[in-house]
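A quick write-up on the structure given underneath.
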Amino acid sequence: MKMKPWSWFLPLLFSLPPLASACPSPCSCSAGIVDCSYHGLLTKSLPASFPSSTQVIRLEKNNLISIPNGLLDNLPDIREVYLQHNPWHCDCDIMYLRSWLQGQQKRGLYRDVTCVTPEPMKGRVIMYLSEDELVTTCQYWYCNLALVSQFCLFIFIVVQGVLLIFVILSLHRFQRIAREARRTAKELQQHSETYVYSNSPLSNYDRT
């Protein structure tokens, strides 16, 4: 029986590993180890996910200030993540990493994962930070947002007030023009009636 031209492609297609297990760029992968160290990675340039079979992730010697929420979840075989030598910024955005570190059994591996900024937090071990400390930074952020929102609302109210004043002045001007127009029309009507009366035959007879 003659095989279809594309039938040879099906076994090859099914033999390929699923996309979820692909090694994320620019990291290298080998035997369950995903090595992303020494790549100068920023938080925003981290891989969106790691293979589900990952056991070790190396993220040391990068420029990470936080870890995106959920990045280290759904990795059932994960044993350790190397996080040292990154400029961690310990504010509201570090809460996910702190929670993940606190959930690890081998906490001793992460005692050198410390804050670099802000200055009051410098040298502090991330997993030992209290929630109250980090929530306070979140409140500062929300306060700044609230302040900006209030300022924008104030500008909006001022603009609305200026527009309202402009509309009121325009209406007064229109009313004044309308009154002047009515007065002018009335005067023209009176002059017209006077002219008609003065030029009527009866008026000429009275003058004789």
### Query
Cα centroid distance between region 42-86 and region 116-131, in Å?
19 Å
## Note on the structure
Most packed first (mean Cβ within 10 Å per residue), the peptides 157-168, 124-135 order as 124-135, 157-168
### Message
Full-extension gain between Ile168 and Gln102, please, as 0.36 nm times their residue separation minus the C-alpha to C-alpha distance.
### Response
17.4 nm
### Summary
With 0.36 nm assigned to each residue of separation and the Cα-Cα distance removed, Ile177 to Ser192 gains 3.2 nm
### Task
Beta carbons within 10 angstrom, averaged per residue: use that to sort the peptides 87-93, 171-177, 114-120, highest first.
87-93, 114-120, 171-177
### Query
How much accessible area per residue does region 31-127 have, in Å², with a 1.4 Å probe?
51 Å²
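The values are calculated or read from the model by the stated rules, or taken from the named source; none is laboratory data. Just so it is clear, the structure is predicted and the values come from calculations on it, not from any experiment. Virtual Cβ from ideal backbone geometry, glycine too; neighbours counted across all protein chains shown. Please note that ligands, DNA and RNA were not included when accessible areas were found on the heavy atoms of the full protein model with its side chains. Shrake-Rupley method; radii C 1.70, N 1.55, O 1.52, S 1.80 Å.
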